[in-house]
1. Can you go through 119, 89, 111 and tell me which one is assigned to a helix (DSSP H, G or I), open to solvent by 20 Å² or more (accessible area, probe 1.4 Å) and either modelled with pLDDT of 95 or more or of a type in the set (Lys, Arg) (or both)?
2. Just to be sure I understand the filter: pairs with C-beta atoms under 6 Å, separated by 6 or more residues or on different chains, first member in the range 57-85 and outside any helix (DSSP H, G or I), second member open to solvent by less than 70 Å² (accessible area, probe 1.4 Å). Which pairs pass?
3. Taking residue 253 as the residue in question, decide whether it is aliphatic (A, V, I, L, M) and open to solvent by 40 Å² or more (accessible area, probe 1.4 Å).
4. Exactly one condition in (1) over 25 Å from residue 22 (Cα atoms); (2) assigned to a helix (DSSP H, G or I) is false for residue 149; which is it?
5. In a helix (DSSP H, G or I), surrounded by 17 or more Cβ atoms within 10 Å (Cβ to Cβ) and in contact (Cβ under 8 Å) with a residue 24 or more places away in the chain: does that describe residue 210?
6. Report every pair of residues separated by at least 6 positions or lying on different chains whose Cβ atoms are under 7 Å apart, first residue within the range 160-185 and closer than 23 Å to residue 210 by Cα and without any contact (Cβ under 8 Å) to a residue 60 or more places away in the chain, second among the basic types (Lys, Arg) and surrounded by fewer than 21 Cβ atoms within 10 Å (Cβ to Cβ).
7. Got a number for residues in the range 173-202 being in a helix (DSSP H, G or I) and crowded, with 17+ Cβ neighbours inside 10 Å?
8. Within the range 26-55, how many residues are open to solvent by 80 Å² or more (accessible area, probe 1.4 Å), of a type outside the set (Val, Ile, Thr) and under 19 Å from residue 126 (Cα atoms)?
Amino acid sequence: MLRWRILSALLGIPVLLAVAYLGGLYLATVVGVLIIIGTGEFIRLARAIRLQPHRLMTSLGGLSFLVGAYLSSRGLIRADWLAPVLLAVVGVNLGLLVITYPRYTLSDSAVGVFGSVYVGWLLSHLFLLRDLAPQGFDYLLLTLILTWSTDTGAYFTGRAIGRRKLAPQVSPNKTLEGALGGVAGSLLAAMLLYYYYKPVFPLELCLGLGILVSILGQFGDLVESALKRLSGIKDSGHLIPGHGGVLDRFDSLLLTGPAVYYYLKWFVIG
């Protein structure tokens, strides 16, 4: 398993970094593909517990957040695009509730909205981060490195000295020691990155970002683990050898991407 994880990382990380560097339509296309696959995986999890969110509308709803972000970045629509998009996603699912009554239930409608937001809106922040001028690539790279440092620190610390369970009912293999190792890994990366980013923001903000990313990244991992455990499914998909599906691989970034984006908007860029 570890061999597959390392091999997949060696192949996937350079591709992801290259697309992140190119940004624009290239990154938007890749994020769009991830949203389509991710919403499909989410629907698979939901249907395992007898919920029936509409597959097409959940995926289109997720993509609509990315489309709104992209069009806004190009000045083609107003900057305050989020509320109309969210209204449209909710409205479409409520419309399905009426049109298909009684086959499409309120629970199906709610889960469809949640799936669009959970996958589509959260993943769209990877594009929004890259679009933060003039250092968008640096910000996205910072997010990726801190997230990966958390995962690496938690994984190897947990394997080496992990004893006390962190959330045994949700993810039995995760330990408190591993979680602290994840925080330490993110903080170490933040301190190293500070010497590159110090013209942008001071050390305390960089360290604060490291702690925030580590906590939310590990929480995002637990959220996805809870969804899989509720559904009785081990992996959300089988796209990436050794890693599972899109939700398995991007569960941390689902929360760390938005966290870094708003942290920068509120405390640095703003």
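The values are calculated or read from the model by the stated rules, or taken from the named source; none is laboratory data. Note that the coordinates shown come from a computational prediction; the quantities given were computed from them, not determined experimentally. Neighbour counts are summed over all protein chains in view; Cβ atoms, including those assigned to glycine, are modelled from backbone coordinates with ideal geometry. The protein model used for the area step is the full one, side chains on, heavy atoms only, and it has no ligands, DNA or RNA in it. Shrake-Rupley method; radii C 1.70, N 1.55, O 1.52, S 1.80 Å.
1. From the options 119, 89, 111, the qualifying one is 111.
2. 77/71; 79/72; 81/68; 81/72
3. no
4. Going through the list (1) over 25 Å from residue 22 (Cα atoms); (2) assigned to a helix (DSSP H, G or I), residue 149 breaks only (1).
5. It is true that residue 210 is in a helix (DSSP H, G or I), surrounded by 17 or more Cβ atoms within 10 Å (Cβ to Cβ) and in contact (Cβ under 8 Å) with a residue 24 or more places away in the chain.
6. Between residues of the range 160-185 that are closer than 23 Å to residue 210 by Cα and without any contact (Cβ under 8 Å) to a residue 60 or more places away in the chain and residues that are among the basic types (Lys, Arg) and surrounded by fewer than 21 Cβ atoms within 10 Å (Cβ to Cβ), the close pairs are 175/163; 175/164; 175/165; 176/164; 177/163; 177/164.
7. 16
8. The total comes to 1.
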